[in-house]
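Below is one structure, written out as structure tokens, with a few remarks after it.
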Amino acid sequence: MNEIQEVLHRVWTDLLSRPSGPESFRFIFQPIMAAVVATLDGVKDARAGRTPYFRALLRDPAQRGARLREGFKATSRIIALGFALDAVYQFKTVGTFYLGEAIVVVFFLAFLPYLLVRGPADRIARWWLARKAASRT
């Protein structure tokens, strides 16, 4: 095997062993924390009448950079915790730290759940707020 294939094989093998290995709690904890933050931000978006987060990222180049920074800022603690937990995990299990693996794990456990939950939370909050306003009239 050449070096690239060895690296890809190691990454794949390491990633598949993580959910059943030490510190597997974070495969539940980090997405839940990201979802909680995303829900709070989605409700804020709904109250402010802002374009849903993912839609703004995809369709509005003028807002894309600012909204991405906003998302990273909102998940920064979760991302930092993810890197710390991944570093501890890697040092415990393989005795070294692979940055690429940590980036992949943190992206899937912290930022992706945030990205996927914020829009639906915004839509549900808009529906709820509209329903609440309609019942007042």
Quiz prompt | Student exercise, the chain dipole from Lys, Arg, Asp, Glu Cβ charges, in Debye to nearest 20 | solution = 1120
Practice problem: Compute, for S24, the solvent-accessible surface of its heavy atoms (probe 1.4 Å) with the complete set of protein chains present, and express it in square angstrom to the nearest 10. | Solution: 40
Self-check item: Diffusion coefficient, µm² s⁻¹, Stokes-Einstein with Kirkwood Rh over alpha-carbon pairs of the chain at 25 °C and 0.890 mPa s
Solution: 147
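Only sites in a loop by DSSP and with at most 13 other Cβ atoms within 10 Å count here; which chymotrypsin sites (Phe, Trp or Tyr not before Pro) in region 19-93 make the cut?
Values: sites: F25, F27, F29, Y53, F54, F72, F83, Y89, F91; in loops: F25.
Sites meeting the loop and neighbour criteria: F25.
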Exercise. Can you figure out the FRET efficiency of Q63 with A133, using R₀ = 22 Å and their beta-carbon distance, to the nearest 0.05?
Key: 0.30
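Quick check: with the 1.4 Å probe, what order do D60, D122 take by accessible area, largest first? Show your work: numbers first, answer last.
On the way: D60 45, D122 0 Å².
Ranked from most to least accessible, the order is D60, D122.
For region 32-137, what is the relative contact order in percent, using Cα pairs closer than 8 Å and at least 6 residues apart in sequence? It would help to have the intermediate numbers written out before the result.
Details: 101 pairs, mean separation 50.5, N = 106.
So the answer I get is 48 percent.
The values are calculated or read from the model by the stated rules, or taken from the named source; none is laboratory data. Predicted model only: the values in this text are computed from it and were never measured. No Cβ is skipped: glycine too gets one built from the backbone with ideal geometry, and neighbour counts run over all protein chains shown. Accessible surface areas use protein heavy atoms only, side chains included; no ligands, DNA or RNA. Shrake-Rupley method; radii C 1.70, N 1.55, O 1.52, S 1.80 Å.
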